């Protein structure tokens, strides 16, 4: 299992560049159920909690009223699992894994994680290589391929595949305070993914968290126009953009890093 996933991870790392967005369609008959949520970053370039390790990549656990979802698995499982252990999160409580895109810094920890817990549903963009998808099935996990916007769990959705060269999905949570969008690298554009999430659920945008892929600094004002209340730029956002978000959002800027816990 590890070898199969590792080969695809290497292939994923070789794919570079940003892609234009593919417009996401509205979720058909969203359940309109709201949820509380706790987001815990378990893998990032920096460590917010100095007891944890950092590594190039991203991973975030989203706990809702009914589910425990691991969004992306970082670059490798050793750091991912060690950080989860230090925070006190047992891999066996995870019921769903959502992978944003094929790059190894977001999928590299999956093999080791599935060795600890393969009793999960794994949601991947349909464009993932067949060998990667076969590896997930061989590990005993339940695989779901995502094309368009889809419901993942109560109050939790995927934006669907966006982009062309690098296809990516974001995780959309319909919380009691509004929409929370979690992105891996936001290759299609962080603001474009936020706009898609807002159009899907027709709710206010409470928080966008994750990698924003070194965007133009104008992304900050694009977030404002979309009504994004809070921002937590992580991973590949870049120092300049992170500082721009911090300056503009002030108390509504949330510092990222492994160990950061956000309660909603």
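The values are calculated or read from the model by the stated rules, or taken from the named source; none is laboratory data. What you see is a predicted model, and the numbers here were worked out from it, not measured in a lab. Using ideal geometry, Cβ is built from the backbone for each residue, glycine included, and neighbour counts are taken over all protein chains shown.
Based on what the data block shows, is residue 118 farther than 16 Å from residue 158 by Cβ, in contact with a helix residue (DSSP H, G or I) (Cβ under 7 Å, 6 or more places away or on another chain) and surrounded by fewer than 24 Cβ atoms within 10 Å (Cβ to Cβ)? Even if it seems obvious, please write down each step before you answer.
On the way: farther than 16 Å from residue 158 by Cβ: yes; in contact with a helix residue (DSSP H, G or I) (Cβ under 7 Å, 6 or more places away or on another chain): no; surrounded by fewer than 24 Cβ atoms within 10 Å (Cβ to Cβ): yes.
Judged against the criteria, residue 118 is not a match.
Tell me which residues, restricted to region 221-237, are closer than 16 Å to residue 170 by Cβ and surrounded by fewer than 21 Cβ atoms within 10 Å (Cβ to Cβ).
Across region 221-237, the qualifying residues are 222, 226.
Of the residues 218, 240, which is out of contact with any strand residue (DSSP E or B) (no Cβ under 6 Å at 6 or more places or on another chain), surrounded by fewer than 17 Cβ atoms within 10 Å (Cβ to Cβ), more than 23 Å from residue 146 (Cβ to Cβ) and free of Cβ contacts under 8 Å to residues at least 12 places away in the same chain? Before you say what the answer is, go through the steps one by one.
Working: 240 fails: free of Cβ contacts under 8 Å to residues at least 12 places away in the same chain.
The match here is 218.
Restricted to region 63-88, and to residues that are within 15 Å of residue 257 (Cβ to Cβ) and surrounded by fewer than 20 Cβ atoms within 10 Å (Cβ to Cβ), which residue is farthest from the chain's Cα centre (by Cα)?
Filtering region 63-88 for residues that are within 15 Å of residue 257 (Cβ to Cβ) and surrounded by fewer than 20 Cβ atoms within 10 Å (Cβ to Cβ), the one farthest from the chain's Cα centre (by Cα) comes out as 86.
Go through 194, 231, 186, 244 for me and flag whichever is assigned to a helix (DSSP H, G or I) and more than 20 Å from residue 64 (Cβ to Cβ). Don't jump to the end; show me each part of the working.
Numbers: 194 fails: more than 20 Å from residue 64 (Cβ to Cβ); 231 fails: assigned to a helix (DSSP H, G or I); 186 fails: assigned to a helix (DSSP H, G or I).
Answer to the selection: 244.
Test residue 151 against the criterion of being more than 18 Å from residue 253 (Cβ to Cβ), in a helix (DSSP H, G or I) and at pLDDT 95 or above, and give yes or no. Reasoning before the result, please.
Values: more than 18 Å from residue 253 (Cβ to Cβ): yes; in a helix (DSSP H, G or I): no; at pLDDT 95 or above: yes.
Taking the combined requirement at face value, the residue does not satisfy it.
Restricting the search to region 98-116, which residues are more than 18 Å from residue 186 (Cα to Cα) and in contact with a strand residue (DSSP E or B) (Cβ under 9 Å, 6 or more places away or on another chain)?
109, 110, 113, 114, listed by residue number.
Could you please let me know if residue 32 is more than 17 Å from the chain's Cα centre (by Cα), surrounded by fewer than 24 Cβ atoms within 10 Å (Cβ to Cβ), within 19 Å of residue 179 (Cα to Cα) and modelled with pLDDT under 95?
Numbers: more than 17 Å from the chain's Cα centre (by Cα): yes; surrounded by fewer than 24 Cβ atoms within 10 Å (Cβ to Cβ): yes; within 19 Å of residue 179 (Cα to Cα): yes; modelled with pLDDT under 95: yes.
The answer is yes for residue 32.
Kindly evaluate residue 144 against the criterion of being farther than 27 Å from residue 47 by Cβ and surrounded by 14 or more Cβ atoms within 10 Å (Cβ to Cβ). Before you say what the answer is, go through the steps one by one.
Working: farther than 27 Å from residue 47 by Cβ: yes; surrounded by 14 or more Cβ atoms within 10 Å (Cβ to Cβ): yes.
Considered against the rule, which asks whether it is farther than 27 Å from residue 47 by Cβ and surrounded by 14 or more Cβ atoms within 10 Å (Cβ to Cβ), residue 144 comes out as yes.
Out of the residues in region 243-252 that are surrounded by fewer than 18 Cβ atoms within 10 Å (Cβ to Cβ) and touching a strand residue (DSSP E or B) at 6+ places or on another chain (Cβ under 6 Å), state the one that is farthest from residue 174 (Cα to Cα).
Here is the first cut: in region 243-252, the ones surrounded by fewer than 18 Cβ atoms within 10 Å (Cβ to Cβ) are 243, 246-248, 250-252.
Next cut, touching a strand residue (DSSP E or B) at 6+ places or on another chain (Cβ under 6 Å) only: 246, 252.
Values: 246: 25, 252: 19 Å.
Result: 246.
So is residue 60 modelled with pLDDT under 95 and under 20 Å from residue 208 (Cβ atoms) or not?
On the way: modelled with pLDDT under 95: no; under 20 Å from residue 208 (Cβ atoms): yes.
No; evaluated as a whole, the condition is false for this residue.
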